[in-house]
Each structure stands twice: as structure tokens, then as C-alpha cells.
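Shown next, in C-alpha cells, is the structure this report addresses.
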Amino acid sequence: MTKSTHLLSWFLQLCIVALLAPAAYFKLTDHPESIELFTDLDMEPTGRYVIGFLEAIACLLLLIPQAIIHGALLSLCVMMGAIIAHFTKLGFSEMFSFAPILLVILAAVIIFLRRSQIKSIARMLD
Amino acid sequence: MAGSVDLHKVSKFANMAIPSLAVLFFVGGVYVSFYFHFLTVAFILLTVVNLFYLHIQRKHTILRNFGILGQARYFIESIGPEMRQYLFANDTEERPFNRIERSEIYRKAKGVDSASSFGSQLDFDNSEIKIRHSMYPVNMDQITPFSLTFGEERGLKKAFTITKPYMISAMSYGALGENAVRALTRGAKLAGIPMNTGEGGTPKYHMEEGGDLIFQMGTAKFGVRNDDGSLNDQLLLDLIANDSIKMIEIKLSQGAKPGKGGLLPKEKITKEISELRSVPMGVDVVSPAHHIECTDGESTIKFIKRVQDLTQIPCGIKLCVGKTTEFREIIREMKAQDIFPDYIAIDGAEGGTGAAPKAFMDGYGMPLMAAIYSANKILTDEGVRNRTKILASGKLINSNKQFIALALGADAVCSARGFMLALGCIQSMLCGNNTCPAGITTHDPELQRGLDVEEKSTRIANYVNGLEHDFYEMLAASGIREAKDINIDHLYIPSDTALSDQIQFIVKETSEY
Ligand SMILES: Cc1cc2nc3c(=O)[nH]c(=O)nc-3n(C[C@H](O)[C@H](O)[C@H](O)COP(=O)(O)O)c2cc1C
């Protein structure tokens, strides 16, 4: 990775954390809006805790240099789930409904920038 | 292993199943429980990765052909050293080529550094020929670049010069699929080495790719035959009118099945094959065990002369040595008629092929190193070593083996399987089944699809460049300034080797003759 892609990647990581960390916090602290959301999904409360927990882990991994790629993969997965939720159950009534789409894109860019760090792919690239 | 599981079918099923499951889980997520979407997401990712493997990346034939299931192979390979060390065979045990030899080629073909650490895994007791270095290595710039001219002995106008001591040994279109032929020919052209067309008749795809070709005339003379299997002069002349064809090779025998002909079953004779090989459709065609023109020494040499006179380009012969006395007799016959082939390609008994009876593959012919030594010794004893060139083939896939062959008397080396490995062969041993998973020895378009001609042709060139690099470094280390000065004194030959036996034997035979 060159210096500029490195910087770009960190910038994107911080963007994701900035959006994801509050989401995780609200879910894990029983924020009424989160509870409403997960009631709609029929996942109250287990699903809310699981997802909140995964989001928190993803944030953490995104900040640990050796684990960034895994953090990006995890956020990608969780956010794909969120997109599915909005499409099938929740709809796109509010501004923040679009956040998952943005996050998926950011995570995908990070994965692309750091593709050589995925072990199995790196082995094949040599 | 062969045929027990059809990996191709399994992988096709998997490639269908993965996206289908994604859809199924999605439906489950919508109608049953949102928890299904954990699986939906996972399978969407798998689908994306699979599509990437199958349709976007071009480097890996196996992934391109089999998708994510093929990944299992890379995974198993990555834990392979441990598995073998603790459970199965070790790195030096597989045949014909062990893992150490294969991965060396893969690395050269990918152009990555092949330095290894800690120490050699090979034997140093009494079974392996080693190379002697000099106390006074020479500098690279003191070494004369390699050059070898075929046909110079006869003063041919169309003599053919090679500048790297390598050639791609005979493999026919038929044994190989179209993509493999194209990738090899294009790679050979990139690397600046000639490629032997094998006995598959008119080398249509080779000629389309261009580059330097050696046309092989097998015992059935596919492409240049009359219906009875004899040579059709006009067809041969028509063929060599193509500029790509630089030399002719008359194949007398090959190491994998010396003394054995073959049969081209009528089921295999498609319209294309019938045209390229000039054989009729609907009947089996026999490849005789010898050219019908060649029944003894005298007629064989006459036939060589006929081809030489007709074509006016260098003409060599390929054979696997059986009895050294017979070899000596034919050299004497050459002397008597004053006709010499422009090269003699010695194929060792260890040679490979698309399909041969087990008895012949395993049991017939003289091993290569002993055979080169004998051929060189006999030619030298008869005083005619300067009338022809010696080529050698038979597992000469890495720099050390090649150097040994050159030291024993070969002027250049040929390899078939070395280049197949560089193409991505994984030694599945299915060349005769049309199911080669690496898409090399198959005509199945779905399997050939994975073999990207452009990508793989650069691997061929990388492989040659890696070998050449080693070659010059080895010359320097042995203190040799010109390739022709490599000789047997540069070798350390333990007494347990087949070569050592043969040296003793030839000495005895020479004194009797
Ligand atoms: C798939 C395959 C096809 C071959 N076809 C021919 C052929 O048409 N004519 C021939 O003389 N030798 C043929 N050979 C033998 C090789 O040219 C070569 O002599 C032999 O494999 C030894 O070289 P290697 O050990 O480097 O593979 C074939 C070998 C292979 C593996």
C-alpha cells in the first residue's frame, strides 16, 4: 500500500466508526428508537444485542491495525443485513435509513484497498 | 483418484447451489424470521466471491474452472506440508514430480524469488548426482552467450540458431487442447525458444500463433502421409512453405513407450482431426511402431536423407535408447552413408505422454542420464561427435537436472512436462481422460475456459527466463566460460547411480567392439 491509500483507508475507517459506534451504543443501551426498530423486525431483544455487539466489535477491529480488513468485512456483512431490513420491513422513511448503503460502500472500498491483506487471496496473488 | 468424484460436476452444482441458497434464505428472512438474513448475507458474499473467481480473475485456472470449491484445493495445499509431515507422504516423495520440484517451477513461472532457507531437503548420501563448482568462478560478463546452430554441419542456407538451451518438447494438438497449444506457442515466442509441434498433424493452432516451430513427423506421419502411412512429399513441402517451421523431427521412438505404436480410435477422429492429420473418418488409424520406410539401419538413414534433401531445412531424429549396440550400429551406418541427422534427441525412459500402456511407461527404455552419456560417448568414439547435435529430454525440468544433462553431452535440453507445470498443471495424472482440471490436456471447452492464454503465456516466458538466469549463474560458479565446455568432470557421480553403472558398462562394451 502506498502512503496515500493508507491515509485514505484510515479516513474511511474513521468514518465508519463515527457512524457505527453510536448505532452500537444505542442498541446496547436499550435506546427506545432501537427497541422500536427491532420490535418491527421481531428480533427484540436478542437480535438487538447480537447486532449491537457485532457492530461494536467491527468498530474495534477497524481500529486495530492487524484486524482492519476483518473489521471492514464484518461491517460490510452487518450493513448488508441492515439494507435488507430497510428494503423488506422498515422502508426508507428517514435520512439515516440510507446510512447502511453508504457504510457498505465505504467498507467495500477499504477491503479493495487492503485486498492484499486477505491471507487466502494474498497467497494466490504471489 | 481418477474418476471417483467428478469434481467438475460437483463444482457446477455448488456454483448453482450457492446463489440459490442465498435466495432461499432471503425468502426465509422475509416470511419466517429475520434471523435467516444472517445466512442470506453470508451466501450473498459467497456468491460474489464465486463470481469473481469464475469470471473476473484470470490467474488461476482451477478457480476459474471450479470457483469457490477450487479454493478448497488452495486451502488444503496451504495446510499440506503439515498434513504430509504428520500424516502422509513428505515433500520429496511424490512422483513423477515431487512437491519441491513442482513448486520450484510454479515460482519461476510466477516470476517470484526462489531462495530457500535452512537447508536442502534432498539426499547427500550416495544416490544423487551433484555439480562441482570451481574455486575460481568467472564473472558473468566473461561468459560467452549461448548459441547453437542446427544444420551448420551441412552448410544449410536455412540453418536454425537457438540462443537459449531450451526447447518445448513434442506435445501434439490432440494430446493438448487448443488453449494449451496457443499458450505454449505464444509463451515460447515470448521467451525466444522453439516449440515442437508433436505428431498431431498440421500444426494449425501453432502456426496461427507464429514463433519458431519444429514439425514432428511421428511414425504415422500425421499431416504428411499417404493412406498407407508412407511419406507424401508434396504434403510435406506444402507444410514447410510456412515460415514458422524451422526444423523437422523424425520421431523414431519416445521414452514413455519405446518400441510401441498406437491406435487412433475412430471415435476420436472428428472432422477437424481428420483434416489436420490427413486420415479418413470412420475407421481406426494405426500408428505403427516404426516408420514403414525404416526397417533397418540402412533404410532409416536413407529416409533421413530423403527428408533432408526434400526440405532443405535442419532435420533431426528423436529416439529413446534401448540397446547401445544398436545405437552404435546406426551411427556407423551414418558414417558409412555419410548422412547425419542435424540433431539426435535422446528421450529418457522417464519421459511422459498422454497415454501409454503401464508396462511400457514403467518398464521400457534406458534412463535419460545413462542414455545421454552413452550416445555422447559412442558418437565421440566413432569420431563423429562434431557432425550432429544431441538434445535431451526426460524430467529435465529444473536447472540442476538440465545442467547435468548438458555436462553429460547434450547440447540443449527439451521438456514437455516442465512447461505443462508452468502452464498450471497440478499433476492430476489425467492426461488421457479428457478431464484435465487445469484445462491443458482436454478438449472440453468448459475446462479449457480456465486456461487464459495471455496470462499463461507470460508464465512460460517467466519460467524460461528463470531457468536461463540459473544457467548462467551455474556456469559462472563452475568457472565455465562457454556452454560447450561443460563436461562430465563438472559432475560428482556417486557409484550407486544408473549412470555410474552405464559408464562401467560402456567402457566394457567399447573394448569388446
Ligand atoms: C501430454 C504429452 C504429450 C506428448 N506428446 C508427444 C508426441 O506427440 N510426440 C512425442 O514424440 N513425444 C510426446 N510426448 C513426450 C515428450 O515430448 C517428452 O519426450 C517427454 O515427456 C519427456 O520430457 P519431460 O520429462 O520433460 O516431460 C508427450 C508428452 C506429454 C506429457
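The values are calculated or read from the model by the stated rules, or taken from the named source; none is laboratory data. Since the structure is predicted, the reported quantities are computational estimates derived from the model, not experimental observations. Counting neighbours? That spans all protein chains shown, and the Cβs are built from the backbone with ideal geometry, glycine included. Each accessible area value is taken on the protein alone, full model and side chains, heavy atoms only, with ligands, DNA and RNA left out. Shrake-Rupley method; radii C 1.70, N 1.55, O 1.52, S 1.80 Å.
At a glance:
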item: All-pairs Cα distance distribution in the protein assembly as shown, expressed in whole percent, bin size 20 Å; result: 17, 42, 25, 14, 3, 0
item: Cα long-axis angle, helix A:46-63 against chain A (0 to 90 degrees, to the nearest 10); result: 30
item: Length-normalised contact order of chain B in % [C-alpha pairs under 8 Å, at least 6 apart]; result: 20
item: Per residue accessible area in Å² of chain B, where ligands, DNA and RNA are left out and the probe is 1.4 Å; result: 45
item: Rg/Rh (Cα only; Kirkwood hydrodynamic radius) as it applies to the range A:3-125; result: 1.01
item: Contact surface B-A: accessible area buried, both sides summed, square angstrom, 1.4 angstrom probe; result: 1700
item: Long pairs among B:189/B:251; B:302/B:508; B:164/B:246; B:189/B:318, criterion Cα-Cα beyond 27 Å; result: B:302/B:508
item: Leading residue at positive end of dipole, the protein assembly as shown (Cβ point charges), from B:499, B:146, A:5; result: A:5
item: Spherically averaged projected area of the range B:7-78 from its Cα convex hull (nm²); result: 5.1
item: The range B:7-78: relative contact order as a whole-number percent, Cα under 8 Å and 6+ apart; result: 31
item: Check: chain B dipole with +1 on Lys, Arg Cβ and -1 on Asp, Glu Cβ, in debye; result: 900
item: Overall Cα dimensions of chain B, principal axis frame, Å, largest first; result: 92, 61, 42
item: Alpha-carbon radius of gyration plus Dmax, which is the widest Cα pair, for the range A:4-72 in Å; result: 13.8, 44
item: Contour excess over end-to-end distance, with Cα ends at residue B:469 and residue B:93 and 0.36 nm allotted per residue; result: 132.6 nm
item: Whole-number percent relative contact order across the range B:419-513, with pairs defined as alpha carbons under 8 Å at least 6 apart; result: 15
item: Quotient of C-alpha Rg and 2.2 N^0.38 Å, computed over the range B:372-513; result: 1.31
item: Span-like helix ranges in chain B, DSSP H, alpha carbon extent 30 angstrom or more, Kyte mean at least 0.0; result: B:7-31
item: Helix-only mean residue ellipticity at 222 nm for chain B, each DSSP H run of n ≥ 4 adding -39500 (n - 2.57), per residue, nearest 500; result: -13500 deg cm²/dmol
item: Per-residue SASA entry for residue B:205, accessible area with 1.4 Å probe, Å² rounded to 10; result: 20
item: Positive-pole candidate from B:357, B:445, B:117, dipole of the protein assembly as shown, charges at beta carbon; result: B:445
item: With Cα atoms, 0 to 90° folded angle of helix A:68-85 axis to chain A main axis; result: 30
item: Accessible carbon and sulfur surface of the range A:3-125 relative to its total accessible area, %, 1.4 Å; result: 73
